[in-house]
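Chemist: Just dropping this structure here.
The values are calculated or read from the model by the stated rules, or taken from the named source; none is laboratory data. Since the structure is predicted, the reported quantities are computational estimates derived from the model, not experimental observations. Every residue, glycine as well, gets a Cβ built from its backbone with ideal geometry; the counts of neighbours run over all protein chains shown.
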Amino acid sequence: MDQTQTLQRLFSDNKVRYSVIAFGLLMVVILIAWAIVSLLKPATLDITPTNISLDSGVTISGDKIITYNGSSFIEISPVDNTTKVIYTPKTRFPSVKDMVYVPNKGVFLTFSGNTIETPVFDYKIKQNAKVPSDDPESSYIYSLTSDDNYTWYLDFKSGKLLNVVEYEVNSDYMYYNSHDDKFYFITGNGNDNPYQFKSYDINTNKTETVSGKLGLYSIDKLRQCGDSTCVIGKLNSSRDRSTLAKISSKGKVSSIKNVNGAILSTPDSMTFAYLTDSDDTALEDEDATDEYDDEDEDGGYSDGIAVYQTMEVTNISTGESSDYSGSFNAGGAIGTYDDHFYYMNGIDGTYQYLKRSGHDIDFNYDDDEYDFSDGFINLGKVGQSFSLIADVDREIYLVSTGLNTGVFDKASNAVVSKNIDTCVDKVNSDITVQNQDDITTDYDIDFEIMVPDDDDFDATINKVNDCIGKDSDNLVGYSYLFTGVSPINGKITTE
């Protein structure tokens with residue numbers, strides 16, 4: 001009897017046939033139950049420290065994190081578990097405040113702190129020389145000691161630091177649009193200095209005013225939405241309502257959505273969250289008020305922040321929308337995980353998973369060491385698997401499904417200190433290095449490298465930077481400051 005006949009006889013037996021059917025049904029039930037449990041079970045995301053800070057000027061580009069450590073601009077890839085130098089300045093640079101990265105081409109920058117013996121200082125000297133000495137405004141416009149250090153574009157190919165505008169652009173008011181290779185930004189404050197929408201073309205190095213009359217009373221955020229520009233703020237014509245508007249290439253502002261509440265951006269460029277009362281009426285509920293107490297020393301608001309009961313998450317391109325009920329506020333932030341959104345409460349650091357099934361998301365972190373109860377800043381999505389957040393102390397953390405593979409691990413101070421000493425000995429024996437415990441300046445940095453301020457000052461710094469960047473141990477978790485000292489009397493010349 002062949003195998004086929006055997007099987008036919010076997011399945012002709014009703015007991016066998018029913019057993020097979022029952023087994024098959026059981027497997028289907030098990031699979032369905034597993035799927036339901038998986039849907040209802042809270043997802044778990046890990047929050048881990050990155051050893052980098054917002055004080056280093058951090059930005060996200062696709063699945064890469066770009067930061068500046070005082071020596072080099074570096075690219076960190078948590079996906080590939082790699083770190084590399086993408087550009088080393090050829091001169092002393094000020095501390096980077098904010099940056100917007102243009103992949104493989106350059107970076108837009110604002111600076112903080114001292115600018116002496118930097119390209120920023122050199123620019124101010126040249127501009128100051130152009131102003132007549134009897135001009136009473138000259139000392140104000142081109143003050144060499146002004147805290148306004150303007151906005152710049154660093155071109156990696158030429159190594160030139162090019163002035164974009166003689167105004168320090170707010171980090172929430174600027175972005176790079178890859179569709180037309182332009183940097184878009186807003187200057188002004190809406191009061192005595194009206195808002196102006198401007199663009200900078202990285203190919204022609206020209207800044208143009210797109211519109212000097214935006215009709216905006218206040219601005220919360222400027223960002224790319226598709227190939228266009230979107231702005232979150234309030235219109236002069238409706239100051240009591242939050243507005244999401246689109247700005248055309250000619251500067252025309254057209255409203256997309258007005259709400260009696262607040263509007264949050266999300267990591268998806270076309271998706272926004274509208275926070276309102278459940279009936280979208282004026283803020284009548286005692287828990288929903290947009291009155292704020294005095295701003296605290298950290299720039300946040302400790303009490304009285306507006307609370308809303310409804311969040312509508314909408315894709316303005318497709319019109320797809322989902323509504324959620326809960327407790328939301330304008331100080332919160334939206335993150336993404338597994339193609340779904342989660343909301344991070346800006347008041348007490350709690351989380352809510354915004355998925356249609358309604359289940360929560362668990363965040364795994366050491367609450368004895370890291371405290372998010374004062375809120376945090378959502379920095380955005382890194383590729384498909386990661387997000388970045390920062391606490392009120394500006395320290396940055398990675399949010400992931402446990403995929404962190406050690407790219408943010410920090411080498412020991414002793415190892416890096418030895419590496420730095422080796423570098424400076426190769427370049428110039430007159431260079432001295434101070435470790436964090438010995439640094440007397442107000443800067444929060446790990447190594448101060450004191451270089452003789454002679455004719456080779458810039459060239460010496462360039463060589464030290466190149467050497468530091470060759471060892472990956474030196475890149476993540478450590479910051480550097482180059483200080484000029486007189487070769488004659490040893491006094492600091494860059495302060």
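Chemist: The conditions are (1) crowded, with 18+ Cβ neighbours inside 10 Å; (2) out of contact with any Lys or Arg (no Cβ under 6 Å at 6 or more places or on another chain); (3) outside any loop (DSSP other than H, G, I, E, B), and residue 162 fails exactly one of them. Which is it?
Modeler: Failing condition for residue 162: (1).
Per-residue answers, yes or no, for (1) of a type in the set (S, T, N, Q); (2) buried (at least 24 other Cβ atoms within 10 Å of the Cβ):
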position: 81; (1), (2): yes, no
position: 92; (1), (2): no, yes
position: 102; (1), (2): no, no
position: 112; (1), (2): yes, no
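Chemist: Can you tell me which residue in the stretch 52-77 is surrounded by the fewest Cβ atoms within 10 Å (Cβ to Cβ), limited to those that are among the acidic types (Asp, Glu) and touching a residue at least 40 places away in the same chain (Cβ under 8 Å)?
Modeler: 63
Chemist: Which residue out of 319, 346 is modelled with pLDDT of 80 or more, outside any strand (DSSP E or B) and more than 22 Å from residue 383 (Cα to Cα)?
Modeler: Only one candidate qualifies: 319.
Chemist: Let me ask something else about it. From the set of residues in the stretch 462-480 that are touching a Ser or Thr at 6+ places or on another chain (Cβ under 7 Å) and either in a loop (DSSP other than H, G, I, E, B) or aromatic (Phe, Trp, Tyr) (or both), which is surrounded by the most Cβ atoms within 10 Å (Cβ to Cβ)?
Modeler: Applying the filter and picking the extreme gives 475.
Chemist: For the stretch 62-138, list the strands (runs of 3 or more DSSP E) that sit wholly inside it and hold at least 1 residues that are at pLDDT 90 or above and more than 20 Å from residue 168 (Cα to Cα); which are they?
Modeler: Ranges flagged: 64-68, 73-77, 82-87.
Chemist: Among what's in the stretch 384-399 and is more than 15 Å from residue 370 (Cβ to Cβ) and assigned to a strand (DSSP E or B), pick the residue that is farthest from the chain's Cα centre (by Cα).
Modeler: Taking the candidates together, the pick is 386.
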